[in-house]
Structures are given as C-alpha cells and as structure tokens.
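What follows is a short report on a single structure.
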Amino acid sequence: MKYTHLWDGLAKGFAAISLLLVTAIYFELLGSLLRTNSDLVKIILAGALSIYTNYRWLIPYYLSISTFLYVRINLHTSINLYEARQLAFLFQAKSDGKWYPLRELASLPIEKRRPTLFKFAQDVREANTPSQTTNQSPNK
C-alpha cells in the first residue's frame, strides 16, 4: 500500500480495517436476511457491499481527514474539512506516484499560506483539465 505522508498512511490503514469490519457486519446481516446456508454466497455479497460502502462513503472522508491533518499540522496552514476535501487531490499519490508535498508553504508568512495553497491547487487543476476547445476544420 503506497502512502504519501504519515496521515495518508493512517487513513489507508483505517480504510483497510474498516473494509474488514464492514464486511463482517454485512456478513452477519446477510446471514439473518438470506435463507441460504451457503457461506460463499454471503461472503461474495458482503464483500461486494463492503467494497462499495468503503469506496463510496468511508474512504473519501478518511482522505479528507488525512489532508486536513497534513495541511494543518505539517504545513501550518488553517483550512476546514470541506476545503480539505477540495484539496485532497494534491496530497494523494497518482498512479505514477506523483503528489505535491508543498513543504515550502510552511516557510511563507502565515497570511500568504492559504491564498498560495488555493492558487496552486487551481493551477494544478487547470493544468490537468483537458482544454474545452477543439481544432475544427472548416467545412469545404
């Protein structure tokens, strides 16, 4: 499991633990709801429901909290949880392992940190968004 910083590693650890716990909860619930003695069916259904629940509901919150903690503690910059969710893409490794530690942000004066962080996030977002203009050839 790749992680980019301590808080990201802890969030991914919590995600792994919650995957197991949610699977066990679903397994028990399905055991009382389904009229089958097949544990394999219950395991498959519980696993599928657990994966969906974790990726749809739990992991985004874990990653937001890890971003919040990284920015507040490591970068000494004040943000709230909603803003952390918007900035999480900066501090999570992409498939190529690239992420933006932004350690130099902590060396800026306090009043310049937030604007610099959000400006950088906007620049990265724009750089990674494909252009809406297309090359259209004139009709002949």
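A short reminder: the numbers here are calculations on the coordinates, not readings from a lab. Bear in mind the structure is a predicted one, so any value in this text is a computation, not a measurement. Note that each Cβ is placed from the backbone with ideal geometry, even for glycine, and that neighbours are counted across all protein chains shown.
Where does the charge balance sit around residue 69 when Lys and Arg score +1, Asp and Glu -1, over other residues with C-beta under 14 Å from its C-beta? So the environment of residue 69 carries a net charge of +1.
Based solely on its DSSP helices, what 222 nm [θ] is calculated for the chain when runs of n ≥ 4 H residues each add -39,500 (n - 2.57) and the sum is averaged over all residues, nearest 500 deg cm²/dmol? Could the numbers behind the result be given before it?
Details: 5 runs with 84 residues, N = 140.
When only DSSP H runs of four or more count, the value is -20000 deg cm²/dmol.
Taking only the Cα atoms of the chain, the radius of gyration and Dmax are 20.9, 69 Å.
In percent, rounded to a whole number, the relative contact order of the chain is 22, using alpha-carbon pairs under 8 Å and six or more apart.
Rounded to the nearest 0.05, the FRET efficiency derived from the C-beta distance between residue 17 and residue 111 at R0 = 41 Å is 0.55. Pairs of Lys residues in the chain are counted when their Cα atoms are under 29 angstrom apart and they lie 8 or more places apart or on different chains; the count is 12.
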